[in-house]
Amino acid sequence: MAERIIELRDISKSYGQVYALGGVNLSVDRGEVVGLIGDNGAGKSTLIKILSGVVKPTSGEILVRGKPVTGWSAARSRDAGIETVFQDRALAVQQTIVRNIFMGRELTGFMGFLKVNKEVEEASRLMREIGFTSKVFTPHSIVGQLSGGERQGVAIARAIYKQAELIILDEPTTALSLTETAKVFHFVRQVRASGRSILFIGHNIHHVFDIADRFVVMDRGKVALTADRSEVKSAEDLINFMEDVAHPGGLAGLHDAGDAEQRAR
Amino acid sequence: MSKTMEPDLHEPAAGTSRPSSQKEWKHPSDHWMRGFILDNRASLGTLGVFIIMMAVFMVANPTVFTTWYLYRSVLTTLPVALFVVVPLVFVVTCGEIDLSFPATMGFASWVFALVVQAGYDPFLGIIAALITGLLLGFLVGSLVVYGGLSSLIATLGMNFLLRGLIQIINEGKSMALTSLADSWAYTIFSGELMGIPVQIFWAIGFVVLSAMLYNRHRFGAQVRVVGDNPDSAQQMGIDVKRVRVKVFVLVGIGAAIAGTFSVMINFTWWPTAGDGYLLPVLASVFVGGTPTWGGIGTVVGGAIGAVTVSFIQTGVVAAGLSGFYVQFFNGLIIILSLLGHKWNQARYR
């Protein structure tokens, strides 16, 4: 069995009286692509924030490579080899590409001074590696001058710098063009081929279905379904399941109600 | 805006990417001269304002503006301002403001004066002042950051509070420190070297070190990122609160040095020490080209801004106008600089 990179056990998160997550179990093994889907408000974002250490769970246990962790934080998460490409990309737009790639993990030498040349070298290597090269921008370009896809490239370059074991992609294809989406998909396959893992969060179920080895469907703060690829025949299966979960009794029931209303008029 | 760009659509999708060469990263603005101008446009703009202003002054009164005496008097007082302008550039870049530095100057120099008056070596006094500044900076920073207060209002409050404390205890009395003149500390920090007030060399050293800290050090990089996008900085594992507290500590230390220098220049400590610096120092930061919204800034620009602001007062009077014109010209230069910077730098969101 493949090594378990991270495991969440019975994770709950409440904001005051409001439960965002109520007892979620989730694990990611080495070399697999897990697709996380769910409606708005299902708790996907909260779950990602817990995985990346930005938010602390109210209760539950986090295990990294089988060992429970304490004092979970964003820095600890990154040290454990978990990198997140956030939906808003988490870039500082007035800074250069280099400064964004090395945000929070500056390459320093003597007395904390930056190794500027090394950083620029590494940044251009990373950008080439993922195919976000261009004649018009350099590692010194300001991120605010880049297009959406190029900014996504910077965020991804930052995520792969340290050979992360698990990369979390939060809605990576939102607001991207077709070619840019293709690039992201290619990147996901590249990462899997290199034996690392990806947690892919998407609104577009077809996108997730195309790329994931395993699906996790969330609904109202709970995991409603975990299924291997072999158990799901088509994206429509997933969509139907999600509709069933969201509207027990089925959409058909809704239609009937609508029809009845119309008939009553 | 010569660094604008278009996504490179001719690049094949990553799947079939051809081996790219290092050459593709070259850009016209990589030429060192253009790169230098683009990277330093704010401080170069400030330098331009300064040069034009000085040219106007020189035309208005060539005899006064070619005498060394005028420059010497500016070089004596300018260092005091530099020691607080530079740390304030860090604070403003971090997205905060600190209006408590005048009181910190007064408080730290008060400690210095007490130690010297008690008969101890002035070096000991300087160390005591630095520790005082550091602690006050930490206090103010913690109040703002961990108390979750608005830095504008909280530091204004701290300024009144600390100044009030000084006034209550001293009942408005000043301290004369005549023994300072014979001390080693005075020779080293406030003497003269080849007719030039020696404190300007210390101030230049401080500016250079701070500029390196700002541009080439992890601390500076994190200050800029935190000011730019604190949420992202936190998501990337930067201890945002700690960085914020540190910039206030830096102001505390700078204010302590500034206060000590101002006492050494005058041989006297006044309970109002530092008060007059509030507005000129703030003006210097923004005249220097550091924008109000955080994320970017320039230490060297701030220093040039401080030089500009100190020359306005001297210059207006020396140019033959009455002292009543000083405030008017102060305002004029500030407004013109801001307009210039607005045109000179784009804001990215």
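Quick note: the coordinates plus some simple rules give every number you see, no bench work behind them. Model, not experiment: these values are computed from the prediction. Methodologically, a virtual Cβ is constructed for each residue, glycine included, from the backbone with ideal geometry; neighbour enumeration extends over all protein chains shown.
For the reader, a short list of remarks on this structure follows.
- Each residue of the protein assembly as shown gets 225 Å³ once the volume of the Cα convex hull is shared out per residue.
- Residue-by-residue Karplus 3J(HN,Hα) for region A:233-247, coefficients 6.51, -1.76, 1.60, Hz, glycine and proline x: 7, 8, 4, 4, 3, 5, 4, 4, 4, 4, 5, 4, 5, 6, 10
- Put in line by how crowded their Cβ is, counting other Cβ atoms within 10 Å and starting with the fewest, B:Glu192, B:Glu96 read B:Glu192, B:Glu96.
- Residue-averaged [θ]222 nm for chain A, counting only DSSP H segments that reach four residues, each worth -39500 (n - 2.57): -11000 deg cm²/dmol
- Region A:93-163: relative contact order as a whole-number percent, Cα under 8 Å and 6+ apart: 47 percent
- Ordering B:Trp68, B:Trp269, A:Trp72 by the number of other Cβ atoms within 10 Å of each residue's own Cβ, fewest first, gives B:Trp68, A:Trp72, B:Trp269.
- At most 14 other Cβ within 10 Å, DSSP loop - GluC sites (Glu not before Pro), region A:1-58: A:Glu3
- Cα gyration tensor shape of region B:227-312, rounded if a/c is under 1.5, else prolate or oblate by comparing a/b with b/c: oblate
- With helices as the sole contributors, chain B gives -22500 deg cm²/dmol at 222 nm; each DSSP H run of n ≥ 4 counts as -39500 (n - 2.57), and the sum is divided by every residue.
- Restricting the calculation to Cα atoms, chain B shows an Rg/Rh of 1.03 when the hydrodynamic-style radius is the Kirkwood one.
- Near A:Arg65, the amide H atoms lying under 5 Å from its own belong to A:Ile6, A:Glu7; only residues 5 or more places off or on other chains count, and H is placed 1.01 Å from N.
- Shielding of A:98-108 by partner chains, average beta-carbon count, 10 Å: 5
- Measuring nothing but how far apart in sequence close Cα pairs (under 8 Å, 6+ apart) lie, relative to its length, chain A scores a relative contact order of 26 percent.
- In chain B, Cα pairs under 8 Å separated by at least six residues give a relative contact order of 31 percent.
- Backbone amide hydrogens, once placed in the peptide plane, bring A:Val33 within less than 5 Å of A:Ile198, A:Asp213, A:Arg214, excluding anything fewer than 5 places away on its chain.
- For residues of A:83-91, the mean tally of beta carbons on other chains within 10 Å: 3
- Karplus-derived HN-Hα couplings along region A:58-73 (A = 6.51, B = -1.76, C = 1.60, θ = phi - 60°), whole Hz, x at Gly and Pro: 5, 8, x, 10, 10, 10, 10, 6, x, 9, x, 10, 10, x, 5, 8
- The HN-Hα couplings worked out from phi for region B:265-275 by the Karplus form 6.51 cos²θ - 1.76 cosθ + 1.60 (θ = phi - 60°) are 5, 9, 6, 9, 10, 9, x, 9, 3, x, 4 Hz, whole numbers, x standing for Gly and Pro.
- Distance from the alpha carbon centroid of region B:127-163 to that of region B:44-109 works out to 24 angstrom.
- Shape category assigned to region B:118-248 from the gyration tensor of Cα positions, a/c cut at 1.5: oblate
- Once you divide the Cα radius of gyration of chain A by 2.2 N^0.38 Å, the number left is 1.11.
- Shielding by partners for peptide A:113-119, expressed as the average number of C-beta atoms from other protein chains within 10 Å of each residue's C-beta, is 3.
- When A:Glu61, A:Glu150 are sorted by how many other C-beta atoms sit within 10 angstrom of their C-beta, beginning with the fewest, the order is A:Glu61, A:Glu150.
- Between the residues A:Thr181, B:Ala128, A:Ile205, the greatest Cα displacement towards the positive end of the dipole of the protein assembly as shown, with unit charges on the Cβ of Lys, Arg, Asp and Glu, is found for B:Ala128.
- Under-5 Å amide H pairs with A:Ser27, H placed in peptide plane, nonlocal only: A:Leu8
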